[in-house]
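What follows is a set of notes on a single structure, which appears directly below.
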Amino acid sequence: MEARILVVDDEPDVEFLIRKKFRKKIRDQELDFSFAQNGLEALEQLAQVDSIDLVLTDINMPRMDGLTLIQKIGEFRYNVKAVVVSAYDDMDNIRKAMNFGAFDFITKPIDFQDFENTVYKTLLKKKQEENVELEETLRELRETQQQLVLQEKMASLGNLVAGIAHEINNPIGVINSASDVVKRCIEKIEAALAQRQEGNAIEKPILLLKDNNRLILNAGTRIATLVKSLKNFARLDEEEYQEADLREGIESTLTLVEQQVCGRIAIEKRLSELPRVYCSPGQINQVFMSILLNAIQAIDGPGSIEIGAFAKDNRVYIEFRDSGQGIPPERLSRIFDFAFSRKSSRVTMGVGLPASYHIIQKHNGEIRIESEPGKGTVVTIALPLG
Ligand SMILES: Nc1ncnc2c1ncn2[C@@H]1O[C@H](COP(=O)(O)OP(=O)(O)OP(=O)(O)O)[C@@H](O)[C@H]1O
Ligand SMILES: [Mg+2]
């Protein structure tokens, strides 16, 4: 890439000499020179062009001298390197310039070999500093991303827990009231037995007992299913990576979002027999959850979600097709970036899809989204087999 150098000197033939000496490098677009007669002119150029890499400046100039210029560059353009050009015996000014942030100096009369060496040495130093800065920025970005993914996990876990608590509360309500009925039935039967009553006095409470026992059994089974799904979803007591049946993951995730579907959305499943996939089931389930929640949130009123799964060409494909509002093309092109979004009256930082993308990438898989506004969205995940 072309390096841009600004030479500041009030001697008129400096420009001519430099253009002549570096003719080839200028023609090859390796170096680009611009020139200013004094510090003020240099500052004007720096304000207009923000891609100048290096300023070489004389010291004694009218209007603004080189030392003031270097001082000003140091104050507001930290990414421009400055080199001072000075008489060999002018140690005092050279020291001042270095204190103001100059990177190096060359002496007058200019030795062009020294000039060239110094230019390349300074440009190299600048590149190295920029690389360090880039690496640092990249590291910070990665950390932020990891934090966001973790936050998303916590947030989705929070929602999940709230939903499950509600789900478990219903059957527990049933068990409590049924157990109350059972208690009263037993009291009635005991009273009837004590008074040696027969017939209706005993048969009616026994019928009620049977009914309520069935209610208790159903509620218990429902809680057991929920607990099993929860355990299956979180996979807390298992190895993180293992051979897993993705259909189980889909089923348990579906059980956990059932309350939000509420009979409003028809769920159709076409899950053919799937080979087991080596993956982190907990993480993949989190992806299923994000996609399903997005689909549910995109459907206003009644609608449908079709879930298909099949194996082809050494990959497993899982497809979620919803009849929701769809995604506009301009949003679709940046759908995996972290972005703010509006959900009813809430503005949230959407991290479900970026986190899902990250997880699927880690599994060497692929996640693709196609959408047509007004018609619906299809999210496809492909995971490699073996
Ligand atoms: N199936 C879909 N149908 C329509 N829009 C969708 C669908 N999936 C995602 N989107 C759009 O993409 C945005 C980003 O989704 P993402 O899951 O990353 O974040 P979010 O759902 O906004 O927030 P979070 O998942 O963190 O609660 C959503 O806000 C929504 O506008
Ligand atoms: Mg989401």
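Figures for the structure shown
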{"read-out": "Dipole magnitude of the stretch 1-88 about its Cα centre (Cβ charges: Lys, Arg +1; Asp, Glu -1), debye to nearest 20", "value": "320"}
{"read-out": "GNM top mover of VAL84, VAL261, VAL161 - the chain, alpha-carbon springs below 10 Å", "value": "VAL84"}
{"read-out": "In nm, spacing of pseudo-spin labels at LEU124 and ALA266 (7 Å Cα→C-beta vector)", "value": "7.2"}
{"read-out": "Footprinting exposure proxy for ASP111, ASP53 (fewest neighbouring C-beta atoms within 10 Å first)", "value": "ASP111, ASP53"}
{"read-out": "For ALA3, residues with placed amide H under 5 Å, excluding near neighbours", "value": "LEU31, ASP32"}
{"read-out": "Above-threshold pairs, the threshold being 24 Å between Cα atoms, out of LYS96/LYS125; LYS127/LYS362; LYS312/LYS362; LYS72/LYS126; LYS231/LYS312; LYS188/LYS210", "value": "LYS127/LYS362; LYS231/LYS312"}
{"read-out": "Helix-only CD estimate at 222 nm, as mean residue ellipticity for the chain, using -39500 (n - 2.57) per DSSP H run (n ≥ 4)", "value": "-18500 deg cm²/dmol"}
{"read-out": "Extension gain from GLU366 to GLN259, taking 0.36 nm per residue of separation minus the Cα-Cα distance", "value": "35.6 nm"}
{"read-out": "Choice from PHE112, PHE320, PHE288 showing the highest fluctuation, given a GNM over the chain with Cα pairs closer than 10 Å", "value": "PHE112"}
{"read-out": "Extension gain from ARG23 to LEU138, taking 0.36 nm per residue of separation minus the Cα-Cα distance", "value": "37.6 nm"}
{"read-out": "Charge dipole of the chain about the Cα centre (unit charges at C-beta), most positive-ward option of ASN117, GLN146, GLY301", "value": "GLY301"}
{"read-out": "Angle between the chain longest axis and helix 39-48 axis [Cα atoms, degrees, rounded to 10]", "value": "30"}
{"read-out": "Dipole of the chain, positive direction: furthest Cα of LEU193, PHE288, GLN45, with charges on the beta-carbon", "value": "LEU193"}
{"read-out": "Among VAL149, VAL227, VAL287: highest mean-square fluctuation, GNM of the chain, C-alpha pairs under 10 Å", "value": "VAL227"}
{"read-out": "Extension gain (nm, one decimal) between ASN117 and GLN195, 0.36 nm per residue minus Cα-Cα", "value": "16.5 nm"}
{"read-out": "Long-range HN-HN contacts of ASP10 with modeled amide H, under 5 Å", "value": "none"}
{"read-out": "Cα centre as origin, Lys/Arg/Asp/Glu Cβ charges: the chain dipole, Debye", "value": "1720"}
{"read-out": "The chain: angle of helix 66-76 to the longest principal axis, Cα-based, in degrees nearest 10", "value": "0"}
{"read-out": "Pair-distance profile P(r), taking every C-alpha pair of the stretch 144-234, with 5 angstrom steps and integer %", "value": "3, 12, 15, 14, 11, 10, 8, 7, 6, 5, 3, 2, 2, 1, 1, 0"}
{"read-out": "Furthest towards positive pole of dipole, LEU246, PRO205, VAL257, structure part the stretch 109-259, Cβ charges", "value": "PRO205"}
{"read-out": "Nearest-ten-degree value, helix 246-261 long axis tilted from longest Cα axis of the chain", "value": "80"}
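Values quoted throughout were computed directly from the atomic coordinates according to the rules given, and no laboratory measurement underlies them. Not measured: the values here are computed from a predicted model. Cβ atoms come from the backbone with ideal geometry, glycine included; neighbour counts cover every protein chain shown.
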